[in-house]
Amino acid sequence: MINLIIGNCRYIFRSRMIFLILIFSTLVHVAGLKFVSHLTVSIQGVISVLGPKQEMYAALFLQLFTGLSIATVYGIWMAPYAHRGERSILTHMIPISKYHFPLCYLFCCALLLAINIFVMVVSYVFVFGLTTLSSPEFSLTILAKTFVFELISFEVVMLGLAVSSLSFGQVATFFIGGCFLFVLQILGAIARLFSENTELTKVSSKGWLVWTYEKLPPVGDFIFDLKTLISEGKFNFEHVILWTVWMLFFVAVFRWKIRYPIQQRSTEA
Amino acid sequence: MNPSATLVQSILHLDKVTVKYGFTKAIETVSFDLIPGMALGLIGANGAGKTTSIRAILGMLGVSEGKITIFEESKMTPKLLARIGFAPEEATPPEYLTAKEYLTFLSKFKIKAQESSEHSIESLLSWFELDPNKPIRKYSKGMRRRLVLSQAFLGKPDLIILDEPLNGLDPIMIQKLRERVVESRRSGASILYSSHILSELENSCTDVVMMHKGKVVMKGTIPALVETYGSVEKAFAANVGGN
(Lines give C-alpha, C1' and ligand atoms only; values in the text may rest on other atoms or scores of the structure.)
Protein backbone atom coordinates (compact mmCIF):
# COMPACT_ATOMS: atom_id res chain seq x y z
CA MET A 1 0.00 0.00 0.00
CA ILE A 2 2.82 2.41 0.95
CA ASN A 3 4.63 1.59 -2.31
CA LEU A 4 1.46 2.27 -4.24
CA ILE A 5 1.03 5.63 -2.48
CA ILE A 6 4.67 6.55 -3.16
CA GLY A 7 4.18 5.60 -6.82
CA ASN A 8 1.05 7.73 -7.04
CA CYS A 9 2.71 10.69 -5.31
CA ARG A 10 5.50 10.45 -7.89
CA TYR A 11 2.86 10.60 -10.63
CA ILE A 12 1.27 13.67 -9.01
CA PHE A 13 4.68 15.33 -8.80
CA ARG A 14 5.82 14.40 -12.33
CA SER A 15 2.52 15.39 -13.91
CA ARG A 16 3.11 18.84 -12.40
CA MET A 17 -0.28 18.61 -10.66
CA ILE A 18 1.35 19.72 -7.43
CA PHE A 19 2.73 22.91 -9.01
CA LEU A 20 -0.58 23.66 -10.71
CA ILE A 21 -2.35 23.36 -7.37
CA LEU A 22 0.14 25.62 -5.64
CA ILE A 23 -0.07 28.28 -8.35
CA PHE A 24 -3.82 28.07 -9.00
CA SER A 25 -4.76 27.86 -5.32
CA THR A 26 -2.42 30.68 -4.29
CA LEU A 27 -3.75 32.95 -7.05
CA VAL A 28 -7.40 32.28 -6.18
CA HIS A 29 -6.87 32.68 -2.44
CA VAL A 30 -4.64 35.74 -2.51
CA ALA A 31 -6.75 37.56 -5.13
CA GLY A 32 -10.02 36.60 -3.41
CA LEU A 33 -8.83 37.53 0.07
CA LYS A 34 -7.29 40.80 -1.16
CA PHE A 35 -10.71 41.64 -2.55
CA VAL A 36 -12.37 40.68 0.75
CA SER A 37 -9.87 42.78 2.74
CA HIS A 38 -11.08 45.86 0.90
CA LEU A 39 -14.77 45.14 1.51
CA THR A 40 -16.68 47.21 4.04
CA VAL A 41 -20.05 46.49 5.67
CA SER A 42 -22.63 49.20 6.13
CA ILE A 43 -25.12 48.55 8.94
CA GLN A 44 -27.61 51.37 9.69
CA GLY A 45 -25.23 53.86 8.16
CA VAL A 46 -22.26 52.69 10.21
CA ILE A 47 -19.47 51.55 7.94
CA SER A 48 -17.10 48.92 9.28
CA VAL A 49 -14.53 46.48 7.91
CA LEU A 50 -14.97 42.68 8.07
CA GLY A 51 -13.81 40.88 11.21
CA PRO A 52 -11.46 37.87 11.35
CA LYS A 53 -14.40 35.45 11.45
CA GLN A 54 -15.96 36.83 8.27
CA GLU A 55 -12.56 36.84 6.63
CA MET A 56 -12.13 33.20 7.56
CA TYR A 57 -15.59 32.44 6.08
CA ALA A 58 -14.45 34.03 2.85
CA ALA A 59 -11.20 32.05 2.86
CA LEU A 60 -13.07 28.79 3.42
CA PHE A 61 -15.55 29.51 0.63
CA LEU A 62 -12.69 30.29 -1.74
CA GLN A 63 -11.13 27.04 -0.62
CA LEU A 64 -14.34 25.25 -1.62
CA PHE A 65 -13.84 26.30 -5.20
CA THR A 66 -10.18 25.27 -5.38
CA GLY A 67 -10.80 22.05 -3.41
CA LEU A 68 -13.63 21.01 -5.71
CA SER A 69 -11.42 21.74 -8.73
CA ILE A 70 -8.65 19.53 -7.32
CA ALA A 71 -11.08 16.69 -6.56
CA THR A 72 -12.54 16.99 -10.08
CA VAL A 73 -9.19 16.92 -11.89
CA TYR A 74 -7.85 14.12 -9.72
CA GLY A 75 -11.06 12.09 -10.07
CA ILE A 76 -11.55 12.44 -13.81
CA TRP A 77 -7.98 12.31 -15.08
CA MET A 78 -5.50 11.13 -12.47
CA ALA A 79 -7.12 8.33 -10.48
CA PRO A 80 -8.18 6.36 -13.61
CA TYR A 81 -4.77 6.80 -15.31
CA ALA A 82 -3.42 3.35 -14.46
CA HIS A 83 -6.71 1.56 -15.14
CA ARG A 84 -7.47 2.59 -18.69
CA GLY A 85 -6.47 1.19 -22.05
CA GLU A 86 -3.29 -0.81 -22.57
CA ARG A 87 -1.86 0.38 -19.27
CA SER A 88 -4.65 -1.34 -17.34
CA ILE A 89 -3.30 -4.78 -18.25
CA LEU A 90 0.03 -4.06 -16.57
CA THR A 91 -1.74 -2.52 -13.57
CA HIS A 92 -3.92 -5.62 -13.29
CA MET A 93 -0.76 -7.73 -12.94
CA ILE A 94 0.51 -5.85 -9.87
CA PRO A 95 0.17 -8.44 -7.10
CA ILE A 96 -1.90 -6.51 -4.58
CA SER A 97 -5.53 -6.48 -3.56
CA LYS A 98 -7.57 -4.34 -5.96
CA TYR A 99 -9.01 -2.52 -2.92
CA HIS A 100 -5.61 -0.90 -2.39
CA PHE A 101 -6.11 1.25 -5.49
CA PRO A 102 -9.19 3.28 -4.40
CA LEU A 103 -7.75 3.56 -0.89
CA CYS A 104 -4.48 4.86 -2.30
CA TYR A 105 -6.36 7.45 -4.39
CA LEU A 106 -8.35 8.55 -1.34
CA PHE A 107 -5.11 9.10 0.55
CA CYS A 108 -3.39 10.96 -2.28
CA CYS A 109 -6.41 13.19 -2.90
CA ALA A 110 -6.51 13.95 0.84
CA LEU A 111 -2.86 14.94 0.60
CA LEU A 112 -3.63 17.35 -2.26
CA LEU A 113 -6.57 18.82 -0.35
CA ALA A 114 -4.34 19.26 2.71
CA ILE A 115 -1.87 21.18 0.55
CA ASN A 116 -4.77 23.31 -0.64
CA ILE A 117 -5.75 24.07 2.97
CA PHE A 118 -2.13 24.93 3.74
CA VAL A 119 -2.08 27.34 0.79
CA MET A 120 -5.32 28.88 2.06
CA VAL A 121 -3.87 29.47 5.54
CA VAL A 122 -0.63 30.91 4.13
CA SER A 123 -2.60 33.20 1.80
CA TYR A 124 -4.79 34.25 4.72
CA VAL A 125 -1.74 35.15 6.81
CA PHE A 126 -0.17 36.89 3.80
CA VAL A 127 -3.23 39.11 3.29
CA PHE A 128 -4.42 39.70 6.87
CA GLY A 129 -1.22 39.23 8.86
CA LEU A 130 -0.06 36.63 11.36
CA THR A 131 -1.75 38.37 14.28
CA THR A 132 -5.23 37.49 12.98
CA LEU A 133 -4.51 33.83 13.74
CA SER A 134 -4.20 34.64 17.43
CA SER A 135 -7.46 36.62 17.41
CA PRO A 136 -10.08 35.14 19.79
CA GLU A 137 -12.56 35.08 16.88
CA PHE A 138 -10.33 32.80 14.87
CA SER A 139 -10.87 29.16 15.77
CA LEU A 140 -8.44 26.47 14.73
CA THR A 141 -10.92 23.83 15.92
CA ILE A 142 -13.55 25.06 13.49
CA LEU A 143 -10.95 25.19 10.74
CA ALA A 144 -9.99 21.55 11.46
CA LYS A 145 -13.64 20.47 11.55
CA THR A 146 -14.32 22.25 8.27
CA PHE A 147 -11.35 20.52 6.71
CA VAL A 148 -12.58 17.10 7.84
CA PHE A 149 -16.08 17.78 6.50
CA GLU A 150 -14.80 19.09 3.17
CA LEU A 151 -12.36 16.23 2.92
CA ILE A 152 -15.07 13.57 3.21
CA SER A 153 -17.31 15.38 0.71
CA PHE A 154 -14.57 16.03 -1.83
CA GLU A 155 -13.32 12.46 -1.60
CA VAL A 156 -16.82 11.27 -2.51
CA VAL A 157 -16.90 13.67 -5.47
CA MET A 158 -13.43 12.49 -6.54
CA LEU A 159 -14.25 8.78 -6.37
CA GLY A 160 -17.67 9.30 -7.98
CA LEU A 161 -16.04 11.10 -10.90
CA ALA A 162 -13.30 8.45 -11.11
CA VAL A 163 -15.90 5.67 -11.35
CA SER A 164 -17.79 7.66 -13.99
CA SER A 165 -14.54 8.31 -15.87
CA LEU A 166 -13.79 4.59 -15.95
CA SER A 167 -17.34 3.85 -17.12
CA PHE A 168 -18.15 6.62 -19.59
CA GLY A 169 -14.80 8.21 -20.41
CA GLN A 170 -13.22 11.44 -19.30
CA VAL A 171 -14.93 13.97 -21.53
CA ALA A 172 -18.41 12.56 -20.87
CA THR A 173 -17.71 12.54 -17.13
CA PHE A 174 -16.75 16.18 -17.15
CA PHE A 175 -20.22 17.07 -18.39
CA ILE A 176 -22.18 14.30 -16.66
CA GLY A 177 -20.48 15.12 -13.35
CA GLY A 178 -21.22 18.81 -13.77
CA CYS A 179 -24.88 18.09 -14.58
CA PHE A 180 -25.20 15.65 -11.68
CA LEU A 181 -23.81 18.13 -9.15
CA PHE A 182 -26.04 20.85 -10.60
CA VAL A 183 -29.15 18.63 -10.40
CA LEU A 184 -28.33 17.75 -6.81
CA GLN A 185 -28.00 21.44 -6.00
CA ILE A 186 -31.45 22.08 -7.52
CA LEU A 187 -32.88 19.09 -5.66
CA GLY A 188 -31.36 20.45 -2.46
CA ALA A 189 -33.02 23.82 -2.99
CA ILE A 190 -36.37 22.17 -3.75
CA ALA A 191 -36.10 19.87 -0.75
CA ARG A 192 -35.34 22.85 1.47
CA LEU A 193 -38.28 24.73 0.03
CA PHE A 194 -40.60 21.81 0.83
CA SER A 195 -39.28 21.32 4.31
CA GLU A 196 -39.58 25.03 5.17
CA ASN A 197 -42.98 25.59 3.59
CA THR A 198 -45.81 23.73 5.31
CA GLU A 199 -48.25 24.45 2.45
CA LEU A 200 -46.05 22.69 -0.04
CA THR A 201 -45.55 19.64 2.17
CA LYS A 202 -49.06 18.58 1.16
CA VAL A 203 -48.01 18.20 -2.46
CA SER A 204 -48.03 14.51 -3.26
CA SER A 205 -44.75 14.54 -5.20
CA LYS A 206 -42.87 15.86 -2.17
CA GLY A 207 -42.55 12.43 -0.62
CA TRP A 208 -40.49 10.62 -3.23
CA LEU A 209 -38.51 13.71 -4.19
CA VAL A 210 -37.32 14.42 -0.67
CA TRP A 211 -36.87 10.71 0.01
CA THR A 212 -34.66 10.38 -3.07
CA TYR A 213 -32.72 13.51 -2.26
CA GLU A 214 -32.10 12.38 1.30
CA LYS A 215 -30.41 9.23 0.01
CA LEU A 216 -28.15 10.99 -2.51
CA PRO A 217 -24.87 12.73 -1.59
CA PRO A 218 -26.05 15.95 0.13
CA VAL A 219 -24.46 18.29 -2.39
CA GLY A 220 -27.34 20.77 -2.23
CA ASP A 221 -26.96 21.03 1.54
CA PHE A 222 -23.18 21.32 1.46
CA ILE A 223 -23.01 25.11 1.71
CA PHE A 224 -25.66 25.17 4.46
CA ASP A 225 -23.81 22.46 6.41
CA LEU A 226 -20.59 24.38 6.06
CA LYS A 227 -22.25 27.61 7.19
CA THR A 228 -23.61 25.89 10.31
CA LEU A 229 -20.21 24.33 10.94
CA ILE A 230 -18.36 27.64 10.69
CA SER A 231 -20.86 29.71 12.67
CA GLU A 232 -21.84 27.17 15.34
CA GLY A 233 -19.00 24.68 15.18
CA LYS A 234 -21.46 21.79 14.81
CA PHE A 235 -21.31 18.90 12.35
CA ASN A 236 -24.47 17.78 10.61
CA PHE A 237 -23.77 14.18 11.58
CA GLU A 238 -26.62 12.85 9.46
CA HIS A 239 -24.94 14.26 6.37
CA VAL A 240 -21.44 13.24 7.48
CA ILE A 241 -22.71 9.65 7.76
CA LEU A 242 -24.39 9.91 4.36
CA TRP A 243 -21.18 11.21 2.74
CA THR A 244 -19.23 8.39 4.41
CA VAL A 245 -21.68 5.75 3.19
CA TRP A 246 -21.34 7.10 -0.36
CA MET A 247 -17.56 7.06 -0.01
CA LEU A 248 -17.60 3.39 0.97
CA PHE A 249 -20.04 2.68 -1.85
CA PHE A 250 -17.76 4.32 -4.42
CA VAL A 251 -14.72 2.46 -3.05
CA ALA A 252 -16.61 -0.80 -3.64
CA VAL A 253 -17.78 0.28 -7.12
CA PHE A 254 -14.26 1.39 -8.08
CA ARG A 255 -12.93 -1.98 -6.96
CA TRP A 256 -15.62 -3.69 -9.00
CA LYS A 257 -14.85 -1.57 -12.08
CA ILE A 258 -11.14 -2.51 -12.04
CA ARG A 259 -11.74 -6.24 -11.55
CA TYR A 260 -10.90 -6.62 -15.25
CA PRO A 261 -8.65 -4.32 -17.32
CA ILE A 262 -10.67 -1.57 -18.98
CA GLN A 263 -10.24 -1.02 -22.69
CA GLN A 264 -9.74 2.57 -23.72
CA ARG A 265 -12.43 4.35 -25.66
CA SER A 266 -11.33 5.49 -29.08
CA THR A 267 -12.33 9.09 -28.31
CA GLU A 268 -10.25 9.30 -25.15
CA ALA A 269 -6.76 10.70 -24.96
CA MET B 1 0.97 -33.15 -25.36
CA ASN B 2 3.67 -34.45 -23.13
CA PRO B 3 2.26 -37.61 -21.49
CA SER B 4 4.07 -36.73 -18.26
CA ALA B 5 1.69 -33.77 -17.87
CA THR B 6 -0.87 -36.02 -16.34
CA LEU B 7 1.63 -37.52 -13.90
CA VAL B 8 3.46 -34.37 -12.77
CA GLN B 9 1.46 -31.71 -10.94
CA SER B 10 0.33 -29.09 -13.45
CA ILE B 11 1.25 -25.46 -12.85
CA LEU B 12 -1.57 -24.47 -15.12
CA HIS B 13 -4.60 -26.53 -15.99
CA LEU B 14 -7.42 -25.50 -18.31
CA ASP B 15 -10.41 -27.76 -18.22
CA LYS B 16 -12.98 -27.24 -21.00
CA VAL B 17 -12.83 -23.46 -20.67
CA THR B 18 -15.34 -21.36 -22.58
CA VAL B 19 -15.23 -17.55 -22.66
CA LYS B 20 -17.99 -15.47 -24.20
CA TYR B 21 -18.01 -11.88 -25.42
CA GLY B 22 -21.70 -11.18 -25.12
CA PHE B 23 -23.35 -14.08 -26.94
CA THR B 24 -20.29 -14.90 -29.04
CA LYS B 25 -18.00 -17.67 -27.89
CA ALA B 26 -14.42 -16.39 -28.12
CA ILE B 27 -12.95 -19.70 -26.99
CA GLU B 28 -14.80 -22.97 -26.55
CA THR B 29 -13.96 -25.99 -24.37
CA VAL B 30 -10.25 -25.22 -24.37
CA SER B 31 -8.19 -27.70 -22.34
CA PHE B 32 -4.44 -28.00 -21.84
CA ASP B 33 -1.83 -28.41 -19.11
CA LEU B 34 1.46 -26.76 -18.33
CA ILE B 35 3.93 -28.56 -16.11
CA PRO B 36 7.11 -27.20 -14.46
CA GLY B 37 9.92 -26.64 -16.94
CA MET B 38 7.63 -26.85 -19.96
CA ALA B 39 7.53 -24.15 -22.64
CA LEU B 40 4.15 -24.38 -24.26
CA GLY B 41 3.58 -22.57 -27.53
CA LEU B 42 0.08 -21.32 -28.34
CA ILE B 43 -0.31 -21.28 -32.11
CA GLY B 44 -3.17 -19.92 -34.10
CA ALA B 45 -4.19 -17.47 -36.75
CA ASN B 46 -5.55 -14.02 -35.84
CA GLY B 47 -8.76 -14.40 -33.86
CA ALA B 48 -8.02 -18.02 -32.96
CA GLY B 49 -8.43 -17.25 -29.26
CA LYS B 50 -4.82 -17.16 -28.05
CA THR B 51 -4.99 -13.78 -26.30
CA THR B 52 -8.46 -14.54 -24.94
CA SER B 53 -7.14 -17.78 -23.44
CA ILE B 54 -4.24 -15.91 -21.82
CA ARG B 55 -6.52 -13.21 -20.47
CA ALA B 56 -8.86 -15.82 -19.04
CA ILE B 57 -5.90 -17.56 -17.37
CA LEU B 58 -4.80 -14.29 -15.76
CA GLY B 59 -8.28 -13.45 -14.47
CA MET B 60 -8.74 -10.56 -16.89
CA LEU B 61 -11.90 -12.08 -18.31
CA GLY B 62 -14.75 -13.97 -16.77
CA VAL B 63 -14.94 -17.66 -17.65
CA SER B 64 -18.40 -18.76 -18.80
CA GLU B 65 -17.84 -22.50 -18.51
CA GLY B 66 -15.02 -24.80 -17.43
CA LYS B 67 -12.30 -24.30 -14.88
CA ILE B 68 -8.82 -22.80 -14.78
CA THR B 69 -6.40 -23.91 -12.08
CA ILE B 70 -3.05 -22.15 -11.53
CA PHE B 71 -0.69 -23.41 -8.85
CA GLU B 72 -3.59 -25.55 -7.63
CA GLU B 73 -5.75 -22.48 -7.03
CA SER B 74 -8.89 -21.79 -9.00
CA LYS B 75 -9.14 -18.08 -8.13
CA MET B 76 -6.56 -15.49 -9.12
CA THR B 77 -5.15 -13.81 -6.03
CA PRO B 78 -2.31 -11.29 -5.46
CA LYS B 79 -0.20 -14.14 -4.12
CA LEU B 80 -0.60 -16.01 -7.40
CA LEU B 81 0.03 -12.90 -9.49
CA ALA B 82 3.36 -12.47 -7.69
CA ARG B 83 4.43 -15.85 -9.13
CA ILE B 84 3.48 -14.93 -12.70
CA GLY B 85 5.33 -12.76 -15.17
CA PHE B 86 3.26 -11.51 -18.08
CA ALA B 87 4.19 -9.56 -21.18
CA PRO B 88 1.01 -8.54 -23.01
CA GLU B 89 0.91 -8.08 -26.77
CA GLU B 90 0.21 -4.38 -26.40
CA ALA B 91 0.93 -2.45 -23.25
CA THR B 92 2.13 0.97 -22.23
CA PRO B 93 4.10 1.32 -19.00
CA PRO B 94 3.58 4.61 -17.12
CA GLU B 95 5.31 7.25 -19.26
CA TYR B 96 6.25 9.53 -16.37
CA LEU B 97 8.73 6.95 -14.98
CA THR B 98 12.14 5.83 -16.18
CA ALA B 99 12.70 2.13 -16.97
CA LYS B 100 14.64 1.66 -13.74
CA GLU B 101 11.97 3.39 -11.67
CA TYR B 102 9.27 1.27 -13.27
CA LEU B 103 11.06 -2.02 -12.59
CA THR B 104 11.94 -0.86 -9.07
CA PHE B 105 8.27 -0.03 -8.44
CA LEU B 106 7.20 -3.50 -9.64
CA SER B 107 9.99 -5.23 -7.74
CA LYS B 108 8.63 -3.89 -4.46
CA PHE B 109 5.60 -6.09 -4.97
CA LYS B 110 7.42 -9.07 -6.47
CA ILE B 111 10.82 -9.32 -4.80
CA LYS B 112 11.28 -9.41 -1.05
CA ALA B 113 15.03 -8.81 -0.62
CA GLN B 114 16.20 -5.31 -1.58
CA GLU B 115 19.69 -6.45 -2.62
CA SER B 116 18.50 -9.17 -5.00
CA SER B 117 15.92 -6.73 -6.35
CA GLU B 118 18.58 -4.20 -7.37
CA HIS B 119 20.73 -6.91 -8.90
CA SER B 120 17.79 -8.37 -10.78
CA ILE B 121 16.72 -4.96 -12.16
CA GLU B 122 20.19 -4.04 -13.34
CA SER B 123 20.69 -7.40 -14.98
CA LEU B 124 17.33 -7.18 -16.78
CA LEU B 125 17.96 -3.63 -17.99
CA SER B 126 21.32 -4.66 -19.30
CA TRP B 127 20.00 -7.85 -20.94
CA PHE B 128 17.23 -6.01 -22.75
CA GLU B 129 19.59 -3.11 -23.58
CA LEU B 130 17.44 -0.45 -21.96
CA ASP B 131 18.57 2.99 -20.85
CA PRO B 132 17.72 2.91 -17.13
CA ASN B 133 17.44 6.65 -16.62
CA LYS B 134 15.62 7.72 -19.76
CA PRO B 135 11.92 8.57 -19.23
CA ILE B 136 9.64 5.95 -20.81
CA ARG B 137 7.79 8.67 -22.73
CA LYS B 138 11.01 9.19 -24.73
CA TYR B 139 11.35 5.48 -25.52
CA SER B 140 10.77 4.21 -29.04
CA LYS B 141 8.13 1.54 -29.71
CA GLY B 142 10.78 -1.19 -29.72
CA MET B 143 12.27 -0.02 -26.44
CA ARG B 144 8.85 0.04 -24.80
CA ARG B 145 8.29 -3.47 -26.06
CA ARG B 146 11.60 -4.59 -24.53
CA LEU B 147 10.66 -2.94 -21.23
CA VAL B 148 7.32 -4.76 -21.17
CA LEU B 149 9.16 -8.02 -21.86
CA SER B 150 11.77 -7.34 -19.19
CA GLN B 151 9.16 -6.82 -16.45
CA ALA B 152 7.75 -10.29 -17.23
CA PHE B 153 11.05 -11.84 -16.10
CA LEU B 154 11.35 -9.70 -12.96
CA GLY B 155 11.61 -11.65 -9.72
CA LYS B 156 12.17 -14.99 -11.50
CA PRO B 157 8.49 -15.95 -11.73
CA ASP B 158 7.41 -19.59 -11.75
CA LEU B 159 5.14 -19.00 -14.73
CA ILE B 160 6.01 -16.65 -17.59
CA ILE B 161 3.34 -15.78 -20.12
CA LEU B 162 4.43 -14.06 -23.32
CA ASP B 163 1.76 -12.87 -25.72
CA GLU B 164 3.19 -12.26 -29.21
CA PRO B 165 6.55 -11.26 -27.70
CA LEU B 166 8.35 -10.87 -31.04
CA ASN B 167 6.19 -7.98 -32.27
CA GLY B 168 8.39 -4.92 -32.67
CA LEU B 169 11.66 -6.69 -31.81
CA ASP B 170 14.77 -6.57 -33.98
CA PRO B 171 16.52 -9.88 -34.95
CA ILE B 172 19.22 -9.47 -32.26
CA MET B 173 16.62 -9.01 -29.56
CA ILE B 174 14.62 -11.97 -30.89
CA GLN B 175 17.75 -14.08 -30.45
CA LYS B 176 18.31 -12.72 -26.94
CA LEU B 177 14.69 -13.35 -25.97
CA ARG B 178 15.00 -16.92 -27.21
CA GLU B 179 18.05 -17.37 -24.98
CA ARG B 180 16.23 -15.80 -22.06
CA VAL B 181 13.25 -18.14 -22.49
CA VAL B 182 15.50 -21.20 -22.61
CA GLU B 183 17.45 -19.98 -19.57
CA SER B 184 14.26 -19.34 -17.57
CA ARG B 185 12.93 -22.76 -18.48
CA ARG B 186 16.19 -24.41 -17.40
CA SER B 187 15.98 -22.63 -14.06
CA GLY B 188 12.58 -24.23 -13.49
CA ALA B 189 10.08 -21.70 -14.83
CA SER B 190 7.23 -22.72 -17.08
CA ILE B 191 6.54 -20.68 -20.18
CA LEU B 192 3.32 -20.05 -22.06
CA TYR B 193 4.32 -18.53 -25.37
CA SER B 194 1.81 -17.23 -27.87
CA SER B 195 3.05 -16.40 -31.35
CA HIS B 196 2.29 -16.40 -35.06
CA ILE B 197 5.90 -17.16 -35.88
CA LEU B 198 5.94 -20.94 -35.99
CA SER B 199 9.67 -21.34 -36.60
CA GLU B 200 10.36 -19.34 -33.44
CA LEU B 201 8.05 -21.55 -31.40
CA GLU B 202 9.80 -24.59 -32.79
CA ASN B 203 13.09 -23.21 -31.42
CA SER B 204 11.85 -21.94 -28.06
CA CYS B 205 9.11 -24.36 -26.98
CA THR B 206 8.88 -27.98 -25.90
CA ASP B 207 5.15 -28.40 -26.62
CA VAL B 208 2.50 -26.72 -28.72
CA VAL B 209 -1.25 -26.21 -28.62
CA MET B 210 -2.85 -25.25 -31.92
CA MET B 211 -5.99 -23.16 -31.82
CA HIS B 212 -8.44 -22.41 -34.57
CA LYS B 213 -11.66 -20.44 -34.30
CA GLY B 214 -11.61 -20.59 -30.51
CA LYS B 215 -11.00 -24.31 -30.23
CA VAL B 216 -7.95 -26.47 -29.62
CA VAL B 217 -7.41 -28.45 -32.80
CA MET B 218 -4.18 -30.17 -31.87
CA LYS B 219 -1.62 -30.49 -29.12
CA GLY B 220 1.65 -32.32 -28.78
CA THR B 221 5.38 -32.15 -28.19
CA ILE B 222 7.57 -30.44 -30.76
CA PRO B 223 9.67 -33.59 -31.48
CA ALA B 224 6.50 -35.64 -32.03
CA LEU B 225 5.07 -33.03 -34.41
CA VAL B 226 8.33 -32.76 -36.31
CA GLU B 227 8.52 -36.51 -36.57
CA THR B 228 4.97 -36.82 -37.88
CA TYR B 229 4.70 -33.75 -40.11
CA GLY B 230 8.29 -32.69 -40.76
CA SER B 231 7.92 -29.30 -39.04
CA VAL B 232 5.53 -27.31 -36.83
CA GLU B 233 4.65 -25.21 -39.85
CA LYS B 234 3.54 -28.28 -41.79
CA ALA B 235 1.64 -29.57 -38.76
CA PHE B 236 -0.15 -26.22 -38.58
CA ALA B 237 -0.99 -26.32 -42.30
CA ALA B 238 -2.32 -29.87 -41.97
CA ASN B 239 -4.53 -29.12 -38.96
CA VAL B 240 -5.57 -25.52 -39.45
CA GLY B 241 -5.13 -24.90 -43.13
CA GLY B 242 -2.86 -22.91 -45.42
CA ASN B 243 0.20 -23.82 -47.41
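The values are calculated or read from the model by the stated rules, or taken from the named source; none is laboratory data. Please read these numbers as outputs of a predicted model, since none were measured by experiment. Using ideal geometry, Cβ is built from the backbone for each residue, glycine included, and neighbour counts are taken over all protein chains shown. Remember, those area values only see protein heavy atoms, side chains included, never the ligands or the DNA or RNA. Shrake-Rupley method; radii C 1.70, N 1.55, O 1.52, S 1.80 Å.
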Residue list for the stretch B:49-69, filter: within 17 Å of the chain's Cα centre (by Cα), away from chain A (no Cβ under 13 Å) and outside any helix (DSSP H, G or I): B:G49, B:I68, B:T69
Qualifying residues in the stretch A:60-72 (those that are within 20 Å of A:I12 (Cα to Cα) and touching a Leu at 6+ places or on another chain (Cβ under 8 Å)) - the one nearest to the other protein chains (Cβ to nearest Cβ): A:I70
Flag for B:S184 being open to solvent by less than 60 Å² (accessible area, probe 1.4 Å), among the polar types (S, T, N, Q), assigned to a helix (DSSP H, G or I) and out of contact with any Pro (no Cβ under 7 Å at 6 or more places or on another chain): yes
Residues (open to solvent by 70 Å² or more (accessible area, probe 1.4 Å) and assigned to a strand (DSSP E or B)) located in the stretch B:217-240: B:K219
Cross-chain or 6+ apart pairs with Cβ under 8 Å, the stretch A:73-101 first and within 7 Å of chain B (Cβ to nearest Cβ), then open to solvent by 10 Å² or more (accessible area, probe 1.4 Å) and among the basic types (K, R): A:P95/B:K79; A:P95/B:K110
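Given the criterion surrounded by 19 or more Cβ atoms within 10 Å (Cβ to Cβ), within 11 Å of another protein chain (Cβ to nearest Cβ) and touching a residue at least 24 places away in the same chain (Cβ under 8 Å), identify the matching residue among B:S107, B:S120. Steps first, answer last, please.
On the way: B:S120 fails: within 11 Å of another protein chain (Cβ to nearest Cβ).
Exactly one residue qualifies, and that residue is B:S107.
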Filtered residues of the stretch B:144-181 (kept if without any contact (Cβ under 8 Å) to a residue 40 or more places away in the chain and either farther than 19 Å from A:I89 by Cβ or aliphatic (A, V, I, L, M) (or both)): B:K156, B:L166, B:L169, B:D170, B:P171, B:I172, B:I174, B:Q175, B:L177, B:R178, B:E179
Single unsatisfied condition, B:F86 versus (1) at pLDDT below 85; (2) within 28 Å of B:D207 (Cβ to Cβ); (3) aromatic (F, W, Y): (1)
Any chance B:V30 is farther than 15 Å from B:E164 by Cβ, surrounded by 21 or more Cβ atoms within 10 Å (Cβ to Cβ), of a type outside the set (D, E, K, R) and in contact with a helix residue (DSSP H, G or I) (Cβ under 9 Å, 6 or more places away or on another chain): yes
Tally of residues being within 13 Å of B:K219 (Cβ to Cβ) and modelled with pLDDT of 85 or more across the stretch B:1-28: 1
Residues located in the stretch A:204-226, provided they are of a type in the set (K, R) and either surrounded by 20 or more Cβ atoms within 10 Å (Cβ to Cβ) or at pLDDT 80 or above (or both): A:K215
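Name every residue in the stretch B:189-216 that is outside any strand (DSSP E or B) and open to solvent by less than 40 Å² (accessible area, probe 1.4 Å), in order of residue number.
B:A189, B:L198, B:E200, B:L201, B:S204, B:C205, B:T206, B:G214
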Subset tally (residues that are modelled with pLDDT of 80 or more and either acidic (D, E) or farther than 20 Å from A:G67 by Cα (or both)) for the stretch A:131-160: 2
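Looking at the stretch B:39-48, is at least one residue part of a helix (DSSP H, G or I), open to solvent by 10 Å² or more (accessible area, probe 1.4 Å) and either over 15 Å from B:A189 (Cβ atoms) or within 14 Å of chain A (Cβ to nearest Cβ) (or both)?
Taking the stretch B:39-48 as the starting set, the residues that turn out to be part of a helix (DSSP H, G or I) are none.
No, there is no match, as no residue in the stretch B:39-48 is part of a helix (DSSP H, G or I), open to solvent by 10 Å² or more (accessible area, probe 1.4 Å) and either over 15 Å from B:A189 (Cβ atoms) or within 14 Å of chain A (Cβ to nearest Cβ) (or both).
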Members of the stretch B:123-155 found to be open to solvent by 80 Å² or more (accessible area, probe 1.4 Å) and not in a helix (DSSP H, G or I), listed by number: B:E129, B:N133
Qualifying positions in the stretch A:74-107 - open to solvent by 40 Å² or more (accessible area, probe 1.4 Å) and out of contact with any Leu (no Cβ under 8 Å at 6 or more places or on another chain): A:W77, A:Y81, A:E86, A:S97, A:Y99, A:L103, A:F107
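Hey, can you tell me all the residues within the stretch B:59-71 that are in contact (Cβ under 8 Å) with a residue 24 or more places away in the chain and surrounded by fewer than 23 Cβ atoms within 10 Å (Cβ to Cβ)? Reasoning before the result, please.
So the first thing to find is which residues in the stretch B:59-71 are in contact (Cβ under 8 Å) with a residue 24 or more places away in the chain, and the list is B:61-71.
Residues satisfying the conditions are B:L61, B:G62, B:V63, B:S64, B:E65, B:G66, B:K67, B:I68, B:T69, B:F71.
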Filtered residues of the stretch B:76-90 (kept if open to solvent by less than 20 Å² (accessible area, probe 1.4 Å), facing chain A (nearest Cβ under 7 Å) and either assigned to a loop (DSSP other than H, G, I, E, B) or not aromatic (F, W, Y) (or both)): B:L81, B:P88
